[in-house]
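Enquirer: The following block contains the structure, expressed as structure tokens.
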Amino acid sequence: MSRQVILALAVLGGAILIAVLMVTLRPSPEEQERVEQAPLVETVAFEQSSGPLEVRGSGTVQPRETVTVGAEVSGRLVYVNPVFQEGRIVPRGATLFRVNPVDYQNQVRTARADVAAQDVAVLQAREEVTIARDELERFAQRQSTRDVLQAGIDPDDYAARILPPTMLAQQAFGGALGAGGSASSPDRSSPSRLATREPQLRSAQAARERAAANLEAAQLSLSRTRISAPFGSLVQEESAAVGTLVQPGQVLGTLVATDAFEVRVALTESEAALIPGLLSANSPRIPASVTFDFGGITYQWDAFVDRADPILDPQTRTIDVFLQVPAPLRGGRPVDGMQDGAGDAPSGPPLLLGSFVDARITGDARVPFAQIPIEALRPGNEIWVVRDGRLRILPVRIIQRADTVAYVTTPSLAAGGRIVTSNVRAPTDGMRVRVAAASPDRAAQAQTAGQPRDE
């Protein structure tokens, strides 16, 4: 065996010997009790509440009254109000545009002349009626005298019974043959209607009424050459220009009333049930508010419930509630009370038509509830509550749910505790947890969102 092999075996044997000595002489490890590490959770305080709550929803701002304006008579536009432009505010009664009134002024003058002529005709007919009455009275007097003379004639004197020509004419026009063939005498007490001139008077009066009606129609057409704003309004659309030839019924613009706007909010049946008297016809005014984000700042306007649609939407199964916002063009107030450098609140924008807003309606819950962050609501309508250092999993009933908060109720709500907002791996009811201290930023966000601030 060579010398190198013997040296290698000696080194290997020494290494094995040292390893055996190290294993044999090592100290025994000190046994310690195993400590279970409880998970760390983030929580916020909550407490039981009752009474009024906010029923939240969202909707689009829409006009409460919209009217289209146009020409009622034909003609050429001779004036258009400079304010009559899209996006401008038009006061009530302001003239929007005028049609050339010359033709209609001539029609009014012609109709007035006809009325004056018919007034003369009526006056002449009345005078003729008066004259005819006087003549008939004189004729009646003469006739009565003649009848007295005829009564004194001997019946056998046929020569004296010959009728004068006037009596023969009356019998020719007014008499009639009797059943026995003899001529019946006329009714001398009722003269002919045409002889009284009364039909001619009525005809003249009818012509005068027709002329007066034509005058009123001409005046109405003249008044329609001027189109004015029916109420204080916002010009939504306009298409009028001086020199344009318009026809009756031609639409020249659209106006939106500025005294109030509407917001349609769709609520579920459970949410609508939280608003007392919502579907009652004689319910008192229900206060509400709408908020709108503009330039990174949230502005708020006061509103109230105007009406609720009693027909359930067949597709969404929701109830449409209409909120009315008075004076929407008045600037809204900042929700967070932001102030500029001068110490005054910044002037808010008007409530823009078509904007998407959040709505809050004052409701009333009949059961105790708690307001919690929306992230604290777990799948299956459960919440995690820390009580005495242990995690409790509670099923809840959701009363109202919004984007940031939820109103819930549960039988053990009055016991209180702190609600968990962070995630926990494999949570079990009764497991021990550690509560992390709330950061100032977290507390400020909770207060802004309407949540209770951590203690």
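Enquirer: What's the number of the only condition in (1) more than 17 Å from Ile227 (Cα to Cα); (2) under 46 Å from the mean Cα position of the chain (by Cα); (3) surrounded by 14 or more Cβ atoms within 10 Å (Cβ to Cβ) that Asn106 fails to meet?
Expert: The number of the failed condition is (3).
Enquirer: Evaluate the following for Val61: is it modelled with pLDDT of 90 or more, in a strand (DSSP E or B) and within 30 Å of Leu245 (Cβ to Cβ)? Please lay out each step first, then the result.
Expert: Details: modelled with pLDDT of 90 or more: yes; in a strand (DSSP E or B): yes; within 30 Å of Leu245 (Cβ to Cβ): no.
Considered against the rule, which asks whether it is modelled with pLDDT of 90 or more, in a strand (DSSP E or B) and within 30 Å of Leu245 (Cβ to Cβ), Val61 comes out as no.
Enquirer: Moving on. Checking the conditions here, which among Pro82, Pro91, Pro39 is in contact (Cβ under 8 Å) with a residue 60 or more places away in the chain and within 30 Å of Gly253 (Cβ to Cβ)?
Expert: Numbers: Pro82 fails: in contact (Cβ under 8 Å) with a residue 60 or more places away in the chain; Pro39 fails: within 30 Å of Gly253 (Cβ to Cβ).
None of the others qualify; the one that does is Pro91.
Enquirer: Now for a separate question. Using the structure shown, decide if Gln62 is surrounded by 13 or more Cβ atoms within 10 Å (Cβ to Cβ), out of contact with any His (no Cβ under 6 Å at 6 or more places or on another chain) and closer than 30 Å to Arg387 by Cβ. Don't jump to the end; show me each part of the working.
Expert: Values: surrounded by 13 or more Cβ atoms within 10 Å (Cβ to Cβ): yes; out of contact with any His (no Cβ under 6 Å at 6 or more places or on another chain): yes; closer than 30 Å to Arg387 by Cβ: no.
No, not satisfied.
Enquirer: Still on this structure, please answer the following. Considering every residue within the stretch 43-57, establish whether at least one is surrounded by 15 or more Cβ atoms within 10 Å (Cβ to Cβ), under 38 Å from the mean Cα position of the chain (by Cα) and under 30 Å from Glu237 (Cβ atoms). Walk me through it before giving the result.
Expert: If we filter the stretch 43-57 for residues that are surrounded by 15 or more Cβ atoms within 10 Å (Cβ to Cβ), which is where we start, we get 43-46, 49, 53-57.
Narrowing further to those that are under 38 Å from the mean Cα position of the chain (by Cα): 49, 53-57.
Those still in the list that are under 30 Å from Glu237 (Cβ atoms) too: 57.
Yes, there is a match, as at least one residue in the stretch 43-57 is surrounded by 15 or more Cβ atoms within 10 Å (Cβ to Cβ), under 38 Å from the mean Cα position of the chain (by Cα) and under 30 Å from Glu237 (Cβ atoms).
Enquirer: Scan the stretch 371-385 residue by residue and report those that are under 14 Å from Gln400 (Cα atoms) and part of a loop (DSSP other than H, G, I, E, B).
Expert: Leu377, Asn381
The values are calculated or read from the model by the stated rules, or taken from the named source; none is laboratory data. All of these numbers come straight from a predicted model, not from anything done at the bench. Note: ideal-geometry Cβ built from the backbone for every residue, glycine included; neighbour counts use all protein chains shown.
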